[in-house]
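Before any comments, here is the structure.
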Amino acid sequence: MIFVTVGHELRFDRLMRALDEWAGTTGYKDIFAQVADLGDDGYAPQNFQWQRFLDPDAFKTNFDQADLIVAHAGMGTIITALTMKKPLLILPRKERLMETRNDHQLATAEQFARREGIYVARDETELGAELDKLIKNPPPAMSTAASPFADPKLVEAIRGFILDGRPSP
């Protein structure tokens, strides 16, 4: 199953439209999406099931059951995919399309594209091509899960800076 999530703050019509078109063209139906609030003019997918919001238990269940996660380049989703060893396909939001306030998601996607199990589509055309590849040759689970906790050295450096005003080593 492909689980699609866009976070809870902003809808992501470009992702939903591209995925819906891909699903309609390929006939692939095993997709479930969390789409956020569509408002009066948001894009409602026609070729797969979706819900505006999921409670934390439903979100976790869908994430657990997914063979592939498709999402914006949100850190919550990226960290969850890395800790659960789930393959993740990212389509970053773009400032010039008024999908976000700046292009931090492009930088995030580029940084994480180097990680095992993280795939990046830079535009809608690449999204369909990447999905075709990932469905035809499903990626294995990541070999190592990321820790859900910060490195103790980082915690100590931050603690030292806050409490003592000393810079990190």
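Quick notes on this one:
- Count - residues of the range 39-75 that are assigned to a loop (DSSP other than H, G, I, E, B), under 18 Å from the mean Cα position of the chain (by Cα) and of a type in the set (F, W, Y): 2
- For the range 95-117, residues that are closer than 24 Å to R17 by Cβ, small (G, A, S) and either surrounded by 14 or more Cβ atoms within 10 Å (Cβ to Cβ) or at pLDDT 90 or above (or both) total 1.
- Residues of the range 1-35 that turn out to be among the small types (G, A, S), surrounded by fewer than 19 Cβ atoms within 10 Å (Cβ to Cβ) and in contact (Cβ under 8 Å) with a residue 12 or more places away in the chain, as a count: 2
- P92 vs. criteria closer than 19 Å to M16 by Cβ, outside any helix (DSSP H, G or I) and either in contact (Cβ under 8 Å) with a residue 60 or more places away in the chain or not hydroxyl-bearing (S, T, Y) (or both): yes
- In the set (1) under 21 Å from M16 (Cα atoms); (2) of a type in the set (D, E, K, R); (3) modelled with pLDDT of 80 or more; (4) in a loop (DSSP other than H, G, I, E, B), K133 fails one condition alone, (4).
The values are calculated or read from the model by the stated rules, or taken from the named source; none is laboratory data. Quick caveat: nothing in here was measured; it's all calculated off a predicted structure. Here Cβ is always computed from backbone atoms with ideal geometry, including for glycine, and neighbour counts include all displayed protein chains.
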